[in-house]
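Only one structure is covered here, and it is reproduced in the block below.
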Amino acid sequence: MKYLSEKFIKDEELNWETVGEGVRRKVMAYDDQIMLVKAEFQKGSIGPIHDHFHSQVTYVESGAFEVTIGAETKLLKTGDVFYIPPHAPHGALCTEAGVLIDVFSPIREDFMVASQEEVAQENDV
């Protein structure tokens, strides 16, 4: 396996990675086939419309988000879930500060590269 996280992960031991204005994430657990990511949004922050070949399921841990998938937009709040099929354009506007828990299959290798680059930059300081 190319990627494999620890079996047990403690949230407080992972660093946040800033990925946009008012948005940061932690890559929590993964192997080559599946990945869980925690994303924190401040009110008014945006996850811009984008698409990828991965299947994605997202749980709204807290807050409220206007989520767009394709041409449809819904307001989702704590406890709600959404599914994004491969290649579907999607994005979110945070209307109440909160946290999303994303699950991707297969792994988002681009997230792994970004995380590794941030660690290297921290070590250079």
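The values are calculated or read from the model by the stated rules, or taken from the named source; none is laboratory data. Remember, it's a predicted structure, so these values are computed and weren't measured experimentally. With ideal geometry, Cβ positions are generated from the backbone for all residues, glycine too; neighbour counts draw on all protein chains shown.
Numbers at a glance
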quantity: Residue in the stretch 1-22 that is farthest from Thr73 (Cα to Cα), counting only those that are under 12 Å from the mean Cα position of the chain (by Cα) and touching a residue at least 40 places away in the same chain (Cβ under 8 Å); calculated: Glu17
quantity: Candidates Val57, Val67, Val37, filtered to the one that is crowded, with 17+ Cβ neighbours inside 10 Å and either out of contact with any Gly (no Cβ under 9 Å at 6 or more places or on another chain) or in a loop (DSSP other than H, G, I, E, B) (or both); calculated: Val37
quantity: Residue satisfying condition, being at pLDDT 95 or above and over 15 Å from the mean Cα position of the chain (by Cα), within set Ala71, Ala29; calculated: Ala71
quantity: Among (1) modelled with pLDDT under 95; (2) aliphatic (A, V, I, L, M); (3) in contact with a Lys or Arg (Cβ under 9 Å, 6 or more places away or on another chain) - the single one Ala120 does not satisfy; calculated: (3)
quantity: Residue in the stretch 2-11 that is touching a Pro at 6+ places or on another chain (Cβ under 7 Å), modelled with pLDDT under 95, outside any strand (DSSP E or B) and of a type outside the set (Ser, Thr, Tyr) present; calculated: no
quantity: Sole residue being among the small types (Gly, Ala, Ser) and not in a strand (DSSP E or B), chosen from Gly47, Gly79; calculated: Gly79
quantity: Identity of the residue in the stretch 70-108, over 23 Å from Ser5 (Cα atoms) and among the basic types (Lys, Arg), that ends up surrounded by the fewest Cβ atoms within 10 Å (Cβ to Cβ); calculated: Lys74
quantity: Cross-chain or 6+ apart pairs with Cβ under 6 Å, the stretch 84-98 first and among the hydroxyl-bearing types (Ser, Thr, Tyr), then crowded, with 16+ Cβ neighbours inside 10 Å and modelled with pLDDT of 95 or more; calculated: Thr95/Ala64
quantity: Failed item, numbered, when Val125 is tested on (1) at pLDDT below 95; (2) over 25 Å from Leu14 (Cα atoms); calculated: (2)
